[in-house]
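Peer 1: One structure, pasted below without further comment.
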Amino acid sequence: MWTNWSGGQQCRPTATVRPLDDSGVSAVVRRAAERGQTVRPVGSGHSFSGLAVTDGVHVDLSAFRGVTGTGGAPNRPTVRVRAGTTLGELHEELARRDLALEAPLELAAPTVGGALAVGMHGSGAARGSLSAAVVGLRLVDGRGRLRDVAVADLDGARTSLGALGVVLEAELAVVRAGRVRVTREPRPVEEVLAPDFWTAHPVVEAAAFPSAGTALTRWAEPVAPHDDEDDDTDDDAGERSLGVTVAGATGRTALGGAVVVERALPSLVPRFNRAVSRLARTVSAHGPMHRVLSSPPAVRYEQTEWALPRHALADGARELLAALADDHLEVGLPVRLRVGPPESAWLHPAHGRATGWIAVRVPRGTDHAPVLERAWRVLRDHDGRPHWASRSDWTADDTAAAYPRVGDFRRVRDDYDPDRVFATPPLAAVLGD
Ligand SMILES: Cc1cc2nc3c(=O)[nH]c(=O)nc-3n(C[C@H](O)[C@H](O)[C@H](O)COP(=O)(O)OP(=O)(O)OC[C@H]3O[C@@H](n4cnc5c(N)ncnc54)[C@H](O)[C@@H]3O)c2cc1C
C-alpha cells in the first residue's frame with residue numbers, strides 16, 4: 001500500500017517498479033501500454049492531492065539521482081539534474097559548486113520531478129517557481145520514446161502534472177551562491193496586507209491566525225560574502241518556520257500545545273493562537289538561503305493552497321480569515337500568505353499573472369473537510385486557482401475556464417501521450433481526457 005506524506009491519499013498499484021536507467025523506464029512504459037495499464041511516476045509523495053495515486057504502475061525514480069553536468073554562460077549558469085534527486089540533495093550539490101537555486105524552496109524532501117510537475121514555489125515578488133528555472137527537459141513519453149522536449153513545448157512541460165511522460169532529467173538555470181539574513185518578526189495583520197510589504201524584500205512571507213491581529217512574518221535579504229559572523233544554519237529550523245510553528249515564540253512547544261488544545265477543546269484554539277502571536281518576537285539567522293529557510297514540518301497536516309491574482313491577495317486573505325473565525329473553523333496552524341511573479345508555464349497556477357498564494361493547513365487528526373471546503377469557497381471567488389499538489393474540488397471544466405493556454409497544453413499532451421498511458425482518474429478529473 002502506498003501512502004502520501006499527509007496520510008490522506010493511499011493506493012495499491014498493480015506494480016511498483018524502480019528502473020535503473022533510461023531504457024528501463026522506456027520498457028516499463030511500453031509494457032504497461034501493451035497491457036492497458038496506466039503509468040504514474042512517483043516522487044517523495046509530498047503532494048496532498050491525488051496526483052500520484054494509481055491502481056496501475058508506479059514508477060519510482062529514486063535510482064535517478066544527482067547532478068550530471070553544468071553548462072550555460074558564466075553569468076547564466078545551468079545544471080543538469082536527474083529527476084529523482086531530492087531538493088535537499090540538489091541544494092547541497094549546488095552549494096559544492098558555489099551555485100544555488102533562485103527559487104527560495106524551503107522543503108528538502110520533494111524530488112525535482114515531483115516539484116516540477118506541480119510547479120513548486122517559494123515566496124518573493126520576483127522569485128519564480130522551480131518550473132520557471134527549466135531550460136531543458138528529457139523524458140520518456142507515452143509510447144516509451146526517449147525525447148528532449150522541444151523549446152516550443154517547454155511551457156507545456158515545465159509544469160505538466162506528470163501528464164506528458166516520465167521526466168528523467170532537467171536542465172535548470174541557477175545563480176551564484178550567496179548568503180542571506182533571515183528575519184522573523186511579528187507585524188500587525190493590516191500592515192502585512194498592504195502591497196508595500198510584499199515588495200520590500202526579495203524573499204518574504206507571512207502567516208496569520210484568524211483570531212489574532214498580529215501576523216508572523218519572515219523575510220530574507222542578501223548579506224555581503226565577507227560578512228564574518230558565524231553562520232546560523234538553524235539547528236532547530238522547525239522552531240522558526242512560519243509555516244508550521246510560530247516565529248520566535250515558543251516554537252514547537254507552542255505548536256504541540258495548539259494541536260493538543262485543538263483535539264481536546266477546540267473552543268480554546270483562538271485564545272491559544274492569540275496568546276502565541278503576542279509572544280512572538282523578532283529573531284534573525286544568516287547563512288546559505290536553503291539552510292536558513294529550511295523548515296522541516298513539526299506536525300503532519302492536510303493543505304489547500306490557492307494562487308490568487310496579486311491584487312486580490314489582501315481582500316482574499318481578509319475574507320478567509322474572517323470566514324474561518326466566524327464559522328469557528330480556526331485550527332492550530334496559521335494561514336500562510338506568499339507571493340510570486342507571473343509564470344510562463346501554461347498550467348502553472350501563477351500562469352500569466354503576479355500571484356498571491358494563500359494556504360490553509362489542518363493538523364492530521366482534526367476533521368479537515370469543513371475547514372478546507374470553507375477555504376475553497378472563499379478563494380475560488382477571488383479568482384483563485386489551486387496549487388496542483390494541494391487538496392481542492394477543482395474540475396477539468398474549471399481548468400478549461402481558468403487557464404488560457406489549456407488548448408496548447410492539450411496539443412502537446414496529444415503528441416506526448418496520445419494513448420493516455422499517464423491518465424489516471426485524479427489526473428483526468430482536473431485535466432479532462
Ligand atoms: C510539508 C510540506 C510542505 C510543502 N511546502 C511547499 C511549498 O513551500 N511550496 C510548494 O509549492 N509546495 C509545497 N508543498 C507541496 C510540494 O511542493 C509537492 O507536493 C512536491 O513538490 C511534490 O514532489 P514529490 O517528489 O513529493 O512528488 P509526488 O507528490 O510524489 O508527485 C507529484 C506529481 O509529480 C509527478 N511526478 C513525480 N515525479 C515525476 C517525474 N519524474 N516525471 C513526471 N512526473 C513526475 C507525479 O506523477 C505526481 O503527479 C509542500 C508539501 C508538504 C508535504
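Peer 1: Tell me the helices (runs of 4 or more DSSP H) entirely within the range 22-119 that contain at least 2 residues that are at pLDDT 95 or above, crowded, with 21+ Cβ neighbours inside 10 Å and within 19 Å of the chain's Cα centre (by Cα).
Peer 2: 87-96, 112-118
Peer 1: Restricting to strands (runs of 3 or more DSSP E) lying wholly in the range 136-213: which have 1 or more residues that are modelled with pLDDT under 95 and either polar (S, T, N, Q) or under 26 Å from Glu330 (Cα atoms) (or both)?
Peer 2: 179-188, 203-208
Peer 1: So which residues in the range 1-20 are touching a residue at least 24 places away in the same chain (Cβ under 8 Å) and in a loop (DSSP other than H, G, I, E, B)?
Peer 2: Correct list: Asn4, Trp5, Ser6, Gly7, Gly8, Gln9, Arg12, Pro13, Thr14, Arg18, Pro19, Leu20.
Peer 1: Let me ask something additional. Which members of the range 95-108 meet the condition of being farther than 18 Å from His121 by Cα and either of a type in the set (A, V, I, L, M) or touching a residue at least 24 places away in the same chain (Cβ under 8 Å) (or both)?
Peer 2: Residues satisfying the conditions are Ala95, Arg97, Asp98, Leu99.
Peer 1: Scan the range 332-340 and tell me whether some residue there is open to solvent by less than 10 Å² (accessible area, probe 1.4 Å), more than 16 Å from the ligand (Cβ to nearest atom) and within 30 Å of Phe272 (Cβ to Cβ).
Peer 2: Within the range 332-340, none of the residues are open to solvent by less than 10 Å² (accessible area, probe 1.4 Å), more than 16 Å from the ligand (Cβ to nearest atom) and within 30 Å of Phe272 (Cβ to Cβ).
Residues checked against (1) within 30 Å of Val412 (Cβ to Cβ); (2) in contact (Cβ under 8 Å) with a residue 60 or more places away in the chain:
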| site | (1), (2) |
| --- | --- |
| Val149 | yes, no |
| Asp153 | yes, yes |
| Gly156 | yes, yes |
| Thr183 | no, yes |
| Glu190 | no, no |
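Peer 1: Evaluate the following for Val53: is it within 15 Å of the ligand (Cβ to nearest atom) and within 21 Å of Trp388 (Cα to Cα)?
Peer 2: yes
Peer 1: Is it true that Val140 is over 16 Å from the mean Cα position of the chain (by Cα), within 14 Å of the ligand (Cβ to nearest atom) and touching a residue at least 40 places away in the same chain (Cβ under 8 Å)?
Peer 2: yes
Peer 1: Quick check on my filter: what residues within the range 165-219 are under 30 Å from Val25 (Cβ atoms), buried (at least 20 other Cβ atoms within 10 Å of the Cβ) and away from the ligand (no atom under 16 Å from the Cβ)? Working first, answer last.
Peer 2: Here is the first cut: in the range 165-219, the residues under 30 Å from Val25 (Cβ atoms) are 165-174.
Still in the list and also buried (at least 20 other Cβ atoms within 10 Å of the Cβ): 165-172, 174.
Correct list: Val174 only.
Peer 1: Of everything in the range 295-323 that's under 17 Å from the mean Cα position of the chain (by Cα) and not in a loop (DSSP other than H, G, I, E, B), which residue is farthest from Val360 (Cα to Cα)?
Peer 2: Filtering the range 295-323 for residues that are under 17 Å from the mean Cα position of the chain (by Cα) and not in a loop (DSSP other than H, G, I, E, B), the one farthest from Val360 (Cα to Cα) comes out as Leu308.
The values are calculated or read from the model by the stated rules, or taken from the named source; none is laboratory data. In this text the structure is predicted, and so the values were computed from the model without any measurement. When we count neighbours, we look across all protein chains shown, and the Cβ atoms used for this are built from the backbone with ideal geometry, even at glycine. The area values use the complete protein model at the heavy-atom level, side chains included, leaving out ligands, DNA and RNA. Shrake-Rupley method; radii C 1.70, N 1.55, O 1.52, S 1.80 Å.
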